1. Given the structure, is Ala159 modelled with pLDDT under 95, among the aliphatic types (A, V, I, L, M) and in contact with a helix residue (DSSP H, G or I) (Cβ under 8 Å, 6 or more places away or on another chain)?
2. Can we say Gly112 is part of a helix (DSSP H, G or I), surrounded by 19 or more Cβ atoms within 10 Å (Cβ to Cβ) and of a type outside the set (A, V, I, L, M, F, W, C)?
3. Taking the condition of being in contact with a helix residue (DSSP H, G or I) (Cβ under 7 Å, 6 or more places away or on another chain) and either over 22 Å from His257 (Cβ atoms) or assigned to a loop (DSSP other than H, G, I, E, B) (or both), how many residues in the range 96-109 meet it?
4. Report every pair of residues separated by at least 6 positions or lying on different chains whose Cβ atoms are under 8 Å apart, first residue within the range 235-248 and touching a residue at least 24 places away in the same chain (Cβ under 8 Å), second assigned to a helix (DSSP H, G or I).
5. Return yes or no: is Gly275 part of a helix (DSSP H, G or I) and out of contact with any helix residue (DSSP H, G or I) (no Cβ under 6 Å at 6 or more places or on another chain)?
6. Across the range 119-131, which residue is most open to solvent (accessible area, probe 1.4 Å) among those that are touching a residue at least 40 places away in the same chain (Cβ under 8 Å) and outside any strand (DSSP E or B)?
7. Take Val90 and tell me if it is out of contact with any helix residue (DSSP H, G or I) (no Cβ under 7 Å at 6 or more places or on another chain), open to solvent by less than 20 Å² (accessible area, probe 1.4 Å) and farther than 25 Å from Arg242 by Cβ.
8. Does the range 44-84 hold any residues that are at positive phi, modelled with pLDDT of 95 or more and either open to solvent by 10 Å² or more (accessible area, probe 1.4 Å) or in contact with a strand residue (DSSP E or B) (Cβ under 8 Å, 6 or more places away or on another chain) (or both), and which are they?
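The values are calculated or read from the model by the stated rules, or taken from the named source; none is laboratory data. This one's a predicted model, so the numbers in the text were calculated from it and none came from an experiment. All Cβ positions, glycine included, derive from the backbone under ideal geometry; neighbour counts span all protein chains shown. The accessibility values were calculated without ligands, DNA or RNA, using every heavy atom of the protein model including side chains. Shrake-Rupley method; radii C 1.70, N 1.55, O 1.52, S 1.80 Å.
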Amino acid sequence: MGFQFAPDPELYPFQSRWFDSSPGRLHYVDEGDGPAILFCHGNPTWSFLYRDIIVALRDRFRCIALDYLGFGLSERPPGFGYRIDEHARVVGEFVDHLGLDGYLTMGQDWGGPISMAVAVERADRVRGVVLGNTWFWPTDVLSTKIFSRVMSSPPMQYAILQRNFFVERLIPAGTTRRLSPAVMEHYRRVQADPGARKGVAEMPKQILAAHPLLERLGREVPAKLGAKPALFVWGMKGFAFRPGPSLPHLRKAFPDHVLVELPTAKHFIQEDAPGEIAAAILDRFG
């Protein structure tokens, strides 16, 4: 299972920490001092995705990055369904366990809906919001719906589970810069066998299956969090969550926002532009 993998301390120079959530053991890192910022990843990544941003910010912020159950070094507990609402409940339990108050929250890809689901329940404890190449409302983009249906089909579920399709194909396709073999191994080795990839396989189904949650977030995020200061960091070459359809939703939800365009970044903005993202966070919230 993925949690048996030992990251290279040169690439991931952090102390591993653990939280025993109700369904299973959650891995996270908690680095630095100062105002807390919670980093929420997407699919098929883990806290490793935020490594360069954490290194850049930990002198000024308390940087907390977790791995959802079924991802990274966290457990793959029997009976866990890997639905987005289940992930959000576990992350909420984690935030409460740490007693986070006055915290910033950052989400990319599925980290957007998950971080927002946690934040709307704790709005009085949220200082500000950072979002990049993500969403938190029911998708009305045809290509996204098609992606969900195709990735949920038996042939593609086989490719995801048996061939590690998301890691082997979508991470390279979603980054402008070519990732080193060592970096790719850190994504590959935590999803080393089909049993470790159940969470990865479930997330594309959730684009449509999580419609009730996304519908609720579409209402509650503006109502409960819309007055918070927000930062949008956007990979302008991303194949998902293109700025044209996505940014109007975000601008309307968060009137007090700053947009930082990342002109050469694709979907995995933390790999393509970690320095620019860290600088934008410091400028907005430092």
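1. no
2. yes
3. 3
4. Gly235/Ile269; Gly235/Asp272; Met236/Pro243; Gly238/Ile269; Phe239/Ala173; Ala240/Thr144; Ala240/Phe147
5. Answer is yes for this residue.
6. Ranking the candidates gives Ala123 first.
7. For Val90, the condition - out of contact with any helix residue (DSSP H, G or I) (no Cβ under 7 Å at 6 or more places or on another chain), open to solvent by less than 20 Å² (accessible area, probe 1.4 Å) and farther than 25 Å from Arg242 by Cβ - is met.
8. Answer for the range 44-84, where residues must be at positive phi, modelled with pLDDT of 95 or more and either open to solvent by 10 Å² or more (accessible area, probe 1.4 Å) or in contact with a strand residue (DSSP E or B) (Cβ under 8 Å, 6 or more places away or on another chain) (or both): Gly72, Tyr82.
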